[in-house]
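Note sheet for the following structure.
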Amino acid sequence: MSKSPKKRPPVGVIVLAAGLGKRMKSPLPKVLHEIAGEPILFHILQGLRTACVALDAPDLEIGIVVGHGREKVEAAVRGHPEFADLNLSFLVQSEQKGTGHAARMAMDSEWGRALVAKKTNVLVLPGDLPLLPPRLVTEMLEDLGRGEVLRLLTCELPDPTGYGRVIRKGKASVQKIVEEKDANPRQKEIREVAASIYSFDARYLASALPKLSTRNAQGEFYLTDVIEMAGKKKLKMSVLKWANPQDLRGINDLWELSQAEKILQMRLIAAHARNGVRFLDPDSCVVERGVEIGVGARIHRGVVLRGKTKIGEGTDVGSNCVLRSTVLGRDVEMKAGCYCQDSVVADAAKVGPYAHLRPGSRVGREAKIGNFVELKNAVIGENTSVAHLSYVGDAVIGARVNVGCGFVTCNFDGRVIDGKRKHETVIEDDAFVGSDCQTIAPVKIGRGAYVASGSTITEDVEPEALAIARSRQVNKPGYARKLKG
């Protein structure tokens, strides 16, 4: 009879998200600044979700240390549906006195004391490292070795300025970490740095934190001093040396945020390209993290894909298009310069160039939305053509309808009808609307009806009827000279 696998003990994670971010020059908490369409902190939490799955550790207990703007941080995280399954606690650091102080606030809380009682491990992560790969988080979450009190992450940098240097005894064990401002000239030449990521035995961490002091150049409680305490007592520790410095880029100001964004953009675009998406000029495109793109899609120069945009297989997105939370079906042709937000375009439709699909637009299969057409809260049926220079707002247009050039739905006239200030135009299947027409909503054009060019429709048009709503032409000889004075 085989033994059941040993259940992993619960693991705690402290995410240090209380930093003021003064160098960001913004009232927004640093961890809420966006990169690839999501706050910096969200990238950390998504990495933890991935690690939960990889390690089969559903009981991962995450304590987020918050300070400046804590209500905004908590509201943003709590309001994100993807984090609903995470075991989250928010721990307050009312005064920012360094990383060691933040960790102590976490371990002194009820949340931290529970971890000590369970004799578990605690991973400490900065909240401003959005490029951390899930694999790194997974490796740091692995159980400590027998007798180990901590594991630290290090990396060698060509230019280690600004980072804490790793001081070793010879080339063997780590003795301590010296912060940049406290390092002497010889120590500053060391290129191996600490990445502010540690895994601790919870009991050791809780016992060591109260012993920290502020006797240093910044007058703060350094979490790095906990490593020196372990080194002096010759306690067992291990080092995970990470090869890629890019993964460990922190965010301290808006310039560093933009540089990290560049790296993340290339990673996201490369992942899509390797999954069968053709980018004609990757350096000019922007793709946010929540975007999905089907195999065989072609993305031209200057395309911006934001939010929860989904692009079907074989779809062609022309140059300088911007799509925000928009769904494109298979084999859609979207020409240059289109802007779409919160809209849906069905299979084999053609859109643009320079079309504008505002929120609530629905374009049917094989429909055509031509150049300089604007849709807003409009449903366009299959095989319908709105070819050029038209505004269709608050409208439902059926299948196989032809809408001529210069058509406008007049959806607002100041009246409130059935509690609504915007009124609806309905055009049923197989109708034909000539050029330069307007509908004064609410109004309906029946199935198979014709509307003559230049008509302003103020009343319903019966099915199969011809509507002509324009004044008879009158010519006044010589009157033009009088108008010219």
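The numbers here are math on the coordinates, done by the rules we state, and not lab data. Quantities reported herein were computed from a predicted structural model and do not represent experimental measurements. Don't worry about glycine lacking a Cβ; one is built from the backbone with ideal geometry, like all the others, and counts go over all protein chains shown.
Miscellaneous remarks
- Burial ordering of Met229, Met266, Met237, Met107, fewest other beta-carbon atoms within 10 Å first: Met266, Met229, Met237, Met107
- Applying the Kirkwood pairwise sum to the alpha-carbon positions of region 254-467 produces a hydrodynamic radius of 17.9 angstrom.
- Listed peptides 59-70, 205-216, 468-479 by packing density, highest first (mean Cβ within 10 Å): 59-70, 205-216, 468-479
- Using C-alpha pairs below 8 Å separated by at least 6 residues, the relative contact order for the chain is 8 percent.
- Cβ-defined net charge surrounding Ala395, 11 Å radius [Lys, Arg +1; Asp, Glu -1]: +2
- For region 386-427, the Kirkwood radius over C-alpha pairs fed into Stokes-Einstein at 25 °C and 0.890 mPa s yields D = 217 µm² per second.
- Straight-line reach from Lys233: taking Cα to Cα under 19 Å and skipping same-chain neighbours fewer than 8 places apart, the lysines in range are Lys169, Lys171, Lys176, Lys211.
- Net charge of Cβ neighbours under 11 Å - reference Leu150; Lys, Arg +1; Asp, Glu -1: 0
- Sequence-distant aspartates and glutamates (8 or more away, or on other chains) whose Cα lies within less than 15 Å of Lys420: Asp394
- For region 318-373 and region 26-52, distance of Cα centres in Å: 30
- Entry note, region 12-248: relative contact order of 23 percent, from Cα contacts under 8 Å with a spacing of 6+ residues.
- Sites Lys234 and Ala271 - FRET efficiency at Förster radius 51 Å, r taken between beta-carbons, to 0.05: 0.70
- Cβ-based net charge around Ala349, under 11 Å, with every Lys or Arg adding one and every Asp or Glu removing one: 0
- Kyte-Doolittle at least 1.0, axis length at least 18 Å by Cα - qualifying DSSP helices, the chain: 40-55
- Each residue of the chain gets 247 Å³ once the volume of the Cα convex hull is shared out per residue.
- Positive-pole candidate from His43, Leu131, Gln218, dipole of region 12-248, charges at beta carbon: Gln218
- Cα centroid of region 241-264 to Cα centroid of region 420-472, whole Å: 57
- Amide proton proximity set for Val344, modelled H, under 5 Å, gap of 5+: Val327, Ser361, Arg362, Val363
- Set against the 2.2 N^0.38 Å expectation for a compact globular protein, region 26-78 has a Cα radius of gyration ratio of 1.24.
- For region 12-248, taking Cα atoms only, Rg and Dmax work out to 16.9, 50 Å respectively.
- In a simple Cβ point-charge model (Lys, Arg +1; Asp, Glu -1; nothing else charged), the chain has a dipole of about 1460 debye relative to its Cα centre.
- Of all lysines in the structure, the ones whose alpha carbon falls short of 27 Å from that of Lys22, not counting any fewer than 8 places away in one chain, are Lys30, Lys72, Lys97, Lys181, Lys188, Lys262.
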